[in-house]
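The values are calculated or read from the model by the stated rules, or taken from the named source; none is laboratory data. In this text the structure is predicted, and so the values were computed from the model without any measurement. Here the Cβ is made from the backbone with ideal geometry for all residues, glycine too, and neighbour counts use every protein chain on show.
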Amino acid sequence: MRAETVPAHLERAYVDRGYWRADLLDDVALRYASRTPDRPALIGPSRTLTYGRLAAETNTAAAAFAAAGLRPGDAVAVRLPNTVEVVVALLGLLRAGVVPVLVPPAVGEDELRHVVAATKARGVLLVDQLNGRSVRAFTELRATLRTEHTGQLGEDRPFFGAFLTTATDRAGNGSGRTGALPEGAYDLSELLAGEGTQERAGKDAEEGLEEAASGRRVPPRTWRSADLAVCLLSGGSTGPPKVIPRTHRDYVHNVEISARLAGLGPHSRYLAALPVTHNFALGCPGVLGTLATGGTVVLSEATPNKVAAAVAAHRVTVAALVPGLAKSLAAVAGADFSSLEVLQAGGAKLHEADARRLIDQLGCRVQQVFGMAEGLLNFTRLDDPDDVVAATQGRPASPGDEWRTVGPDGRPVPAEEGGELQVRGPYTIRGYLAKPEVNAAAFTEDGWFRTGDIVRLHESGNFVVTGRRKDFINRGGEKVAAAEIEGRLAAHPAVSDCAAVPAPHDFLGETVCVFVVPAAGAGPEAVTLHELRRHLRESGLPPYGLPESVRVVEALPQTAVGKPDRAALTRLVAEPPSDPQDPAS
Ligand code: OOB
């Protein structure tokens with residue numbers, strides 16, 4: 001498993017300009033361990049770790065992974081919630097030369113199985129909960145691998161599994177482990193503490209493992225910064241997720257430019273509420289950027305109340321949230337956001353009207369982040385004027401990023417007019433771990449990534465995301481971007497959240513259906529089809545963009561990281577509504 005190679009002239013340029021260095025990701029994340037060993041690195045739901053302890057536990061974990069039979073170059077899927085353990089496991093795998101394949105906790109079993117097969121993963125780290133569901137999933141996974149992918153597992157190396165029992169499970173809420181672990185599987189907490197692997201450790205002592213400071217054995221570093229560090233999953237909402245191979249040198253650059261643009265430093269307290277197994281909270285700047293600059297990471301769950309409580313309790317200075325979660329913060333009664341300096345919003349479009357409300361309500365800097373697991377990151381800058389922060393999704397993070405906008409025929413179009421964004425640069429991949437056909441569709445022959453995002457260059461030099469190539473509604477041949485309708489709807493005072501999706505239609509092919517979450521205090525009568533059409537018409541939306549139906553819902557369904565789930569909504573529209581809320585205009 002390896003990343004697509006980069007042409008020699010680009011590689012030279014990236015090295016010469018200092019974008020690519022020899023540093024390994026885990027070393028960058030732990031560089032403060034010797035400088036400030038007593039400062040807090042991680043504050044988790046169940047415990048706090050100083051930098052010194054984090055470095056020590058990383059070594060112990062690496063030795064335990066090696067002792068359990070994992071070898072440099074192996075891949076291990078990691079589907080764990082935001083805990084101290086997920087960070088220690090991640091750094092421990094990196095230190096052992098094992099490639100973590102990061103899977104957000106809400107990703108289901110089918111996708112997990114697909115990802116394990118696609119990466120030839122030799123094991124999984126899962127949370128042990130939901131009445132043993134994960135344990136069952138593991139047993140099934142191992143059985144499938146035995147029958148379908150015999151080449152993936154040698155006789156001598158059983159499929160590796162380790163399970164985390166979370167604090168709430170330990171407290172006995174009924175969802176904890178219901179029985180013994182399956183044969184050959186480990187308890188992750190014990191494993192990270194270096195327990196339970198003695199027998200194999202003895203056997204492996206002869207296999208060239210190095211003695212670590214802790215007295216345990218970690219593999220000598222035979223890998224380099226051009227090698228794979230982690231695999232991420234694509235945010236694409238159609239089909240199984242694609243696997244994104246990121247190297248040490250590309251991800252180190254990703255993390256460092258992000259930390260600089262978010263203003264992180266030793267004083268920073270970063271809130272990781274989005275899954276740490278997703279690019280945004282992992283490295284943009286996320287957990288790794290915070291550690292790399294000597295700050296403190298606070299780990300939390302992604303609900304408005306938990307976020308508000310964590311911000312107040314730990315005096316959080318920077319938080320990264322998806323727009324839906326960011327917007328719901330202002331509604332948390334009695335919350336204290338006075339410590340918050342920067343709120344990063346990204347992952348899905350933050351509409352201008354919502355951005356302005358956030359800026360007014362929270363009294364901190366808002367930073368829009370338009371990023372993708374494939375690489376390119378765009379940030380509004382902390383010194384951009386409020387008007388630019390509210391109206392744009394930022395500009396490329398690295399001086400090495402190259403971009404262009406193209407029309408439907410693939411030819412360049414002026415960026416001011418808008419087109420599909422294509423990119424290449426020092427931290428943008430040049431291929432998925434996927435079949436050649438998939439890569440031929442997603443990348444140009446000369447290595448540019450077709451993002452699928454439609455952007456327009458704003459007069460500030462930042463991008464405005466106006467839609468996705470696939471998120472257009474085609475009403476009898478006239479095409480309107482879902483984002484265009486949503487941006488205008490978001491400005492309606494009675495609309496808290498919304499999504500426009502195509503509804504199948506006999507003659508026109510598609511018409512527009514909008515899902516609307518009414519604002520607090522506004523009932524369904526404030527968001528009738530008639531009222532919404534009036535509002536959209538007055539806002540200047542062309543007639544073919546006006547919705548033909550509206551569905552009032554309590555909340556929009558979400559993807560694994562909390563973005564509006566368009567695929568789910570589109571499926572819903574294909575079925576008749578269970579409670580006919582559709583007002584007859
Ligand atoms: C982030 O990464 P992914 O890989 O889950 O999703 C990427 C896609 C983008 O191509 C774009 O379509 C959409 O999500 N997106 C945005 C956006 N941020 C992401 N669309 C509009 N406005 C934004 N601010 O979602 C991601 C990765 C790193 C940092 C932040 C987000």
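The numbered conditions (1) under 24 Å from Ser258 (Cβ atoms); (2) in contact with a helix residue (DSSP H, G or I) (Cβ under 8 Å, 6 or more places away or on another chain) are all true for Val423 except (2).
Please go through the stretch 117-159 and give me each residue that is among the aliphatic types (A, V, I, L, M) and modelled with pLDDT of 70 or more, ordered by number. Don't jump to the end; show me each part of the working.
Our first condition is that a residue be among the aliphatic types (A, V, I, L, M); within the stretch 117-159, this holds for 117-118, 121, 124-127, 130, 135, 137, 141, 143, 145, 153.
Listed by number, the residues that qualify are Ala117, Ala118, Ala121, Val124, Leu125, Leu126, Val127, Val135, Ala137, Leu141, Ala143, Leu145.
For Val480, the conditions (1) touching a residue at least 60 places away in the same chain (Cβ under 8 Å); (2) in contact with a Lys or Arg (Cβ under 8 Å, 6 or more places away or on another chain) are fulfilled apart from (2).
Yes or no, residue by residue, for (1) in contact (Cβ under 8 Å) with a residue 12 or more places away in the chain; (2) assigned to a loop (DSSP other than H, G, I, E, B); (3) loosely packed, with under 15 Cβ neighbours inside 10 Å:
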| residue | (1), (2), (3) |
| --- | --- |
| Ala3 | yes, yes, no |
| His9 | no, no, yes |
| Tyr19 | yes, yes, no |
| Asp23 | yes, yes, no |
| Asp26 | yes, no, no |
| Pro37 | yes, yes, no |
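Between Gly363, Gly334, Gly400, Gly371, which is modelled with pLDDT under 95 and in contact with a Phe, Trp or Tyr (Cβ under 9 Å, 6 or more places away or on another chain)? First the steps, then the outcome.
Details: Gly334 fails: in contact with a Phe, Trp or Tyr (Cβ under 9 Å, 6 or more places away or on another chain); Gly400 fails: modelled with pLDDT under 95; Gly371 fails: modelled with pLDDT under 95.
Answer to the check: Gly363.
Scan the stretch 173-189 and tell me whether some residue there is assigned to a helix (DSSP H, G or I) and either on the phi < 0 side of the Ramachandran plot or modelled with pLDDT of 55 or more (or both). Taking every residue of the stretch 173-189 in turn, at least one turns out to be assigned to a helix (DSSP H, G or I) and either on the phi < 0 side of the Ramachandran plot or modelled with pLDDT of 55 or more (or both). Please enumerate the residues belonging to the stretch 490-525 that are surrounded by 15 or more Cβ atoms within 10 Å (Cβ to Cβ), in contact (Cβ under 8 Å) with a residue 60 or more places away in the chain and not in a loop (DSSP other than H, G, I, E, B). Hits for the stretch 490-525 are Ser496, Asp497, Ala499, Val501, Pro502, Ala503, Cys513. Listed by position, the strands (runs of 3 or more DSSP E) contained in the stretch 378-489 that have at least 2 residues being within 22 Å of Leu233 (Cβ to Cβ) and within 13 Å of the ligand (Cβ to nearest atom) are 419-424, 449-457, 463-468.
Note on the stretch 341-357: among residues that are part of a helix (DSSP H, G or I) and within 13 Å of the ligand (Cβ to nearest atom), the one that is surrounded by the most Cβ atoms within 10 Å (Cβ to Cβ) is Ala355. Taken over the stretch 358-377, the criterion of being away from the ligand (no atom under 13 Å from the Cβ) and in a strand (DSSP E or B) is satisfied by Arg365 alone. For the stretch 265-284, a residue qualifies if it is surrounded by 24 or more Cβ atoms within 10 Å (Cβ to Cβ) and part of a strand (DSSP E or B), and the qualifying residues are Tyr270, Leu271, Ala272. When Ser300, Ser258 are checked against the criterion of being touching a residue at least 60 places away in the same chain (Cβ under 8 Å), among the hydroxyl-bearing types (Ser, Thr, Tyr) and within 14 Å of the ligand (Cβ to nearest atom), Ser258 stands alone in meeting it. Screening Leu541 with (1) outside any loop (DSSP other than H, G, I, E, B); (2) buried (at least 19 other Cβ atoms within 10 Å of the Cβ) gives one miss only, at (1). All of Val287, Val311, Val297, Val332 fail the test of being among the β-branched types (Val, Ile, Thr), under 30 Å from Ile429 (Cα atoms) and outside any strand (DSSP E or B), apart from Val287. Entry remark, the stretch 556-585: residues being modelled with pLDDT under 60 and either among the polar types (S, T, N, Q) or closer than 11 Å to Pro502 by Cα (or both) number 2 in total. Considering only the stretch 53-71, I want to know if a residue exists there that is in contact with a Pro (Cβ under 7 Å, 6 or more places away or on another chain), of a type outside the set (A, V, I, L, M, F, W, C) and surrounded by fewer than 23 Cβ atoms within 10 Å (Cβ to Cβ). No.
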